[in-house]
Amino acid sequence: MNIYEEAKRCLLCEDAPCTKACGKGDPARAIRAIRFDNTKNAMRWIKDCSDEDLERAESACIHYDNRLRIKEIIRGACCDYAGAFVRSEMPEEAPLSATSSRLAITFCGILCENPFFLASSAVCTNYEMVAHAFEAGWAGVFYKTVCMQEIREVSPRFDAIKEGTSFAGFRNMEQLSEHPCKEDFDIMRRLKQNFPGKVVIASIMGQTGDEWIELAKMAEEAGCDAVELNFSCPQMHVAGMGSDVGQDAELVTFYTAYVKRHVKIPVIPKMTPNVSRMDVPAMGCYFAGADAISAINTIKSVTMSPAAEVSEKNTISGYSGRAVKPIALRFILEMTKHPFVGKLQFSGIGGIETWRDALEFMQLGCRNVQVCTAVMQYGYRIIDDLVQGLETYLEERGIEHLEDIVGERLPSFVLPSELDCDTVVYPKFDHEKCIGCGRCYRSCMDGGHQALCFDAESRQPHLIGAKCVGCHLCRLVCPIGAIGSAKRVGKKK
């Protein structure tokens with residue numbers, strides 16, 4: 001059993017019945033840690049649990065499609081090969097949600113207790129929501145975009161492409177805040193007053209230069225730490241707003257410069273991915289004096305679920321979630337590698353669910369990350385595993401300051417013409433682990449280079465070295481990970 005795939009089946013129940021039945025620990029919390037790539041800390045919640053405790057927890061599981069194999073998940077993740085529990089290396093007395101100075105970082109000169117922010121979206125639309133998030137451990141918020149237009153939303157406004165119980169991709173037709181702008185700025189003022197150690201950034205959208213200036217000044221007067229300029233919303237009802245601006249480098253430059261001249265707080269344009277080159281409009285941000293860039297927002301998309309129709313009609317709207325992360329990383333990379341745009345600071349957005357997702361954005365140059373879709377699915381509680389997972393990673397590498405990982409992977413990214421074409425890495429087959437499904441053979445024959453043969457009697461694949469080009473399609477389709485990588489060697493000439 002793949003314990004991580006099994007953990008992903010967990011429904012992440014509220015007031016989890018499995019934990020109630022266990023009695024001596026919190027198996028639901030341990031499984032959540034495993035689910036969100038924080039396995040090394042999972043032991044904390046089940047260190048006193050016996051097999052009988054975990055069996056009771058498993059019997060109480062309410063999963064609709066076979067009970068979760070709780071004992072196997074936890075024993076597999078938290079036991080050594082002899083079957084004994086491996087105790088967490090984290091100090092027993094350390095609070096589980098402790099703020100670590102290791103994760104502190106500055107962004108636009110603003111000290112942030114950690115790099116995790118709520119993205120401007122449905123997850124931060126009123127005082128109570130944001131206060132709850134701050135109490136849970138989020139460092140800051142890009143409050144839901146404020147405008148001067150009357151916003152009227154449709155129903156339903158969401159759709160999803162699902163993998164099991166999770167979203168692979170999420171379609172969103174929601175626009176901006178429905179509150180009057182004065183009400184939203186009053187909320188941000190109270191948040192800053194009551195949570196002075198947290199970072200409150202106002203996201204704004206104007207239709208004219210005067211509107212941009214007025215909204216930015218209101219944000220500054222409310223005590224906001226910075227202002228984000230939303231040049232990126234893909235589903236505005238009003239022309240000349242959102243991504244209509246972000247696709248026009250001249251407008252991006254003009255509005256950024258206009259706002260920058262009228263406020264003293266940092267100005268952060270939010271760019272649209274609905275362009276072929278984001279570094280082109282982003283260069284306008286640089287020359288206009290922007291302090292940082294937020295990227296990316298949702299990608300224009302279409303889903304065709306009848307359940308998501310609005311009075312039997314459909315429209316183009318934004319797409320987010322895990323599916324967009326590689327696209328977001330590509331845009332971030334192009335900007336951070338740019339000779340001018342790369343001098344700015346960056347806030348990364350797009351498909352972030354785990355601390356490892358956040359790490360990838362930071363290794364490409366981001367100083368913080370914004371999360372939306374994952375919070376909509378799982379709640380503010382994921383901050384625990386984001387913080388603990390990233391802190392554990394830094395500790396294991398002996399890194400004392402989060403700052404030290406920002407941009408560390410940039411030198412490894414080069415142009416295609418600069419990649420090594422003189423060596424090859426052949427796949428390596430573990431025949432003891434192989435179950436003989438033949439998936440690798442079929443994919444290689446029909447989608448690769450016909451470099452495998454398949455013995456029908458032994459049900460084992462065998463490599464034809466003379467034909468193999470080291471594409472690794474076979475490794476990627478293997479359902480149980482029985483194909484690895486050999487050493488890199490020179491190509492035969």
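Annotations
- In the stretch 57-78, the residues that are on the phi < 0 side of the Ramachandran plot form Cβ pairs under 8 Å with partners that are β-branched (V, I, T) and surrounded by fewer than 16 Cβ atoms within 10 Å (Cβ to Cβ), at six or more places apart or across chains, as follows: C78/V86.
- Single match in R439, R459 (criterion: over 34 Å from the mean Cα position of the chain (by Cα), open to solvent by 60 Å² or more (accessible area, probe 1.4 Å) and among the basic types (K, R)): R459
- Selection status of G398, small (G, A, S) and open to solvent by 40 Å² or more (accessible area, probe 1.4 Å): yes
- Tally, over the stretch 13-69, of residues that are among the aliphatic types (A, V, I, L, M) and either open to solvent by 60 Å² or more (accessible area, probe 1.4 Å) or not in a helix (DSSP H, G or I) (or both): 5
- Any hit, the stretch 39-61, residues being modelled with pLDDT of 95 or more, more than 25 Å from E135 (Cβ to Cβ) and within 29 Å of the chain's Cα centre (by Cα): yes
- Condition check for A358: more than 13 Å from the chain's Cα centre (by Cα), in a helix (DSSP H, G or I) and hydrophobic (A, V, I, L, M, F, W, C): no
- K492 basic (K, R), open to solvent by 60 Å² or more (accessible area, probe 1.4 Å) and farther than 29 Å from N38 by Cα: yes
- Each residue in the stretch 365-374 was checked for being open to solvent by less than 10 Å² (accessible area, probe 1.4 Å) and either in contact with a strand residue (DSSP E or B) (Cβ under 8 Å, 6 or more places away or on another chain) or farther than 16 Å from C10 by Cα (or both), and 5 of them qualify.
- Residue count, the stretch 277-318 (criterion: open to solvent by 50 Å² or more (accessible area, probe 1.4 Å), of a type outside the set (A, V, I, L, M, F, W, C) and within 25 Å of A160 (Cα to Cα)): 8
- Candidates F254, F195, filtered to the one that is within 29 Å of the chain's Cα centre (by Cα) and aromatic (F, W, Y): F195
The values are calculated or read from the model by the stated rules, or taken from the named source; none is laboratory data. Here the structure is a predicted model, which is why all the values come from computation and not from measurement. Virtual Cβ from ideal backbone geometry, glycine too; neighbours counted across all protein chains shown. In case anyone asks, the SASA skips ligands and DNA or RNA and just uses the protein heavy atoms, side chains included. Shrake-Rupley method; radii C 1.70, N 1.55, O 1.52, S 1.80 Å.
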